[in-house]
Amino acid sequence: MADQPSPASRILLLVDHPGNRQRLANALAPQYAVVLPSSDATLAEPVDCCLLDAPALARLTERLLQRKAVEAPNFLPMILLIPREAVRLVPPAYWDVIDEVMSIPAEKPELLQRVSSLLRIRRLTSEVRQKAAADATLASLAEGLIIYDTTGHILQNNHIADAYLDYFRVTPHPPFLDRTRDLHIETVDGSPFPPEALPTVRALAGETITGLVMAFRYDASATQWLSVNAAPIQLPSGERMGAVVTFTDITRRRQIEEERERLYAELDSTISAIADGILVFDTDGKVMRMNPTARILLGTHNGNGIEQLEEQIAFPLSTTPDGPTMPVHVLPVWQALRGETVHGLTGLLRAPNTRETWLSISAAPIRTTQGRIIGAILSLTDVTVLHELQQRQEDFLRIVSHDLRNPLTIIQGHIQLLSSRLAYAGVNGDMRSGVEAIQRSVKRMNAMIQDLVDATRLESGQFPLELHAVDLRDYLQNLLSRTEMLIDYARITLEIPSDLPPVSADYNRLERIFINLLSNALKYSTPGTPVLVRARREGGMVRIAVTDEGPGIPPEDLPLLFQRYYRVKGARMQEGIGLGLYISRLLVEAHGGRVWVESEVGKGSTFSFTLPVA
Ligand code: ADP
């Protein structure tokens, strides 16, 4: 460090005595620029040191003294010039702000020496402080930092960079393949890191680099990822002073990103494998992803969002495309985004370049673990074939129930007329029994048609129940007397306790169940054998049992008896097509009950069912 005072150093003279002031000014010149408090303008310039005498010191304000005490040694250094005998008169408070004391009159060499050493000490402390501040800044950085000179030598680095210095060296080449540590340094796409791509090298060549990713692979399993920034250090003149490299460990971030990519890939392949169309929406109703089936279903739909879907999908409230449609705000995706779940809503898709498609549409909200809705998922199942089948079934029902019945009714009418004419004419024998056979067949055919129509209606769920509290004793007595003509009333015994609670049932449906079970019991057993109807309460239900002494049912048939069109093989063929028990089961289940059978071949059968207490 040079001892010579800087010619630029400015010394402020706060000396009241004109003679002393002049002498001091002469002694300091020409090494120092002397500043006199003659005008405010000159004082506005910074000065490096102040020489003051006792009267000037006495004039310094309290505030100034306080500031100097707090901010020293940043503050202006002060030399007090005072006659030796007056030193003891200086109040103690002033000693805190005075850096030097000199007795006057001062000799020129001594004065110059004291001023010079004071300035030097001040400069040194200021440099030490600046360095300490810079070191503290570097140490407090969360990222690694290395500063290079123009030749690539490391001038400075913080402690985070310590462990990496080897790999950011320019010469000799850093060990990108360090076998001693089983370390490979790679680029983001997994190729070996090229030495010429080292950020330091590029920054020293004038390039600024941000977010360059370096992978430090220590073995197959452990990888550390750094994101590196580098820039040349350049003076305003353009002259290059070196380079600075900073880097952050982004291993955790990469792991999260990789996990997210893996989840996305999994999700993509999962939804691609699903046969239904799947669309994922964000909270604004924008399509975030869709699987190939959805793309095929929606034709040219390019996935902009719900609005486009709304144009393509109508929600007819009837099963025909021309029926009334559902209002837009109840569309499944909107419902899902409001937190509701929609199941199996029928929609009609009219996508460009594709045929009309009937869809079963379901939607559900996507929620975070905290329950916040972050989107919705929509699934589209092509049910066109099912819909066509349903349509065909309805056509069939219409034909069976109307078109087939009409001619039967005419036959029935005429045969009745014929029968009464024959009776009137007293015709008996073959002719008479022939006509009666036709009558029975017509009746049987009517019953079969009725079973077919009923079974189909029940299957499609088109049978609202009108529930009433039904007193079974009254109900059954009434039923038997009404149907006396149809069934063999005399063979039936009712065993119904008088305190049996009423059941909750639909009159007409209940009649259908009883007629099915009673007519089976009567027709499948030997004429004249008794049929018993019992009822009793079992918890919240009433159990009704119909017992006959018929041939019984083989055990292997029992589990299948209540299925559609099931008839026991080899059993005596009676009228019916195997739908009676099936219809009874659907009706009992619709009431909330269940139906079953217990039977022993040769002894008889008991068909039981339950109904809820009203
Ligand atoms: P179906 O209209 O043919 O009578 P059901 O569904 O009522 O059809 O009955 C199915 C089959 O169960 C009948 O074909 C018959 O073989 C058998 N079955 C029903 N009830 C009885 C019974 N009480 N005793 C013996 N077999 C019966």
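The values are calculated or read from the model by the stated rules, or taken from the named source; none is laboratory data. Remember, predicted model here, so these are calculated numbers, not experimental data. In this analysis, Cβ positions are derived from the backbone assuming ideal geometry, glycine residues included, and neighbour counts consider all displayed protein chains. These area figures cover heavy atoms from the full protein model, side chains too; ligands, DNA and RNA do not enter into them. Shrake-Rupley method; radii C 1.70, N 1.55, O 1.52, S 1.80 Å.
Remark: pairs (first residue in the stretch 142-167, in contact (Cβ under 8 Å) with a residue 12 or more places away in the chain; second residue assigned to a loop (DSSP other than H, G, I, E, B) and among the acidic types (Asp, Glu); Cβ separation under 7 Å; 6+ apart in sequence or on different chains) = Ile160/Glu143. Those residues that are at pLDDT below 65 and surrounded by 17 or more Cβ atoms within 10 Å (Cβ to Cβ), I need them from the stretch 1-48; list them, please. Once the filter is applied, which keeps residues that are at pLDDT below 65 and surrounded by 17 or more Cβ atoms within 10 Å (Cβ to Cβ), the stretch 1-48 yields only Pro5.
For the stretch 507-522, the set of residues classified as crowded, with 20+ Cβ neighbours inside 10 Å, free of Cβ contacts under 8 Å to residues at least 60 places away in the same chain and out of contact with any strand residue (DSSP E or B) (no Cβ under 7 Å at 6 or more places or on another chain) consists of Phe514 only.
Yes/no per residue for (1) touching a Lys or Arg at 6+ places or on another chain (Cβ under 7 Å); (2) of a type in the set (A, V, I, L, M); (3) in a helix (DSSP H, G or I); (4) more than 30 Å from Val613 (Cα to Cα):
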site: His402; (1), (2), (3), (4): no, no, yes, yes
site: Met445; (1), (2), (3), (4): no, yes, yes, yes
site: Glu466; (1), (2), (3), (4): no, no, no, no
site: Arg473; (1), (2), (3), (4): no, no, yes, no
site: Leu479; (1), (2), (3), (4): no, yes, yes, no
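Scanning the stretch 368-394 for residues that are of a type in the set (A, V, I, L, M, F, W, C) and touching a residue at least 40 places away in the same chain (Cβ under 8 Å) yields Ile373, Ile374, Ala376, Ile377, Leu378, Leu380.
Every condition in (1) assigned to a helix (DSSP H, G or I); (2) within 10 Å of the ligand (Cβ to nearest atom); (3) open to solvent by 50 Å² or more (accessible area, probe 1.4 Å) holds for Glu556 except the one numbered (2). Of all the listed residues (Ala161, Ala142), the sole one being small (Gly, Ala, Ser) and either exposed (fewer than 13 other Cβ atoms within 10 Å of the Cβ) or at positive phi (or both) is Ala142. Among the candidates Gly578, Gly602, Gly540, the residue that is surrounded by fewer than 18 Cβ atoms within 10 Å (Cβ to Cβ), more than 8 Å from the ligand (Cβ to nearest atom) and at positive phi is uniquely Gly602.
If you go through the stretch 581-599 and pick out every residue that is more than 9 Å from the ligand (Cβ to nearest atom) and not charged (D, E, K, R), you end up with 9.
Counting only residues that are outside any helix (DSSP H, G or I) and more than 7 Å from the ligand (Cβ to nearest atom), the stretch 559-574 holds 8 of them. When Val613, Val546 are checked against the criterion of being of a type in the set (A, V, I, L, M) and near the ligand (Cβ under 9 Å from one of its atoms), a single residue qualifies: Val546. The residues listed here are Ser525, Ser504; of these, the one that is in contact (Cβ under 8 Å) with a residue 40 or more places away in the chain, open to solvent by 20 Å² or more (accessible area, probe 1.4 Å) and either under 56 Å from the mean Cα position of the chain (by Cα) or within 16 Å of the ligand (Cβ to nearest atom) (or both) is Ser504. Output the residue which, of all residues in the stretch 179-194 that are acidic (Asp, Glu) and closer than 20 Å to Ser227 by Cα, is surrounded by the most Cβ atoms within 10 Å (Cβ to Cβ). Among those residues, the one meeting the criterion is Glu186.
Contact map, the stretch 79-103: residues that are surrounded by fewer than 17 Cβ atoms within 10 Å (Cβ to Cβ) paired with residues that are in a loop (DSSP other than H, G, I, E, B) and aliphatic (A, V, I, L, M), Cβ distance under 7 Å, separation 6+ or inter-chain. Pairs shown: Pro83/Ile104. Any residue at all in the stretch 423-440 that is among the hydroxyl-bearing types (Ser, Thr, Tyr) and not in a helix (DSSP H, G or I)? For the stretch 423-440, residues among the hydroxyl-bearing types (Ser, Thr, Tyr) and not in a helix (DSSP H, G or I): absent.
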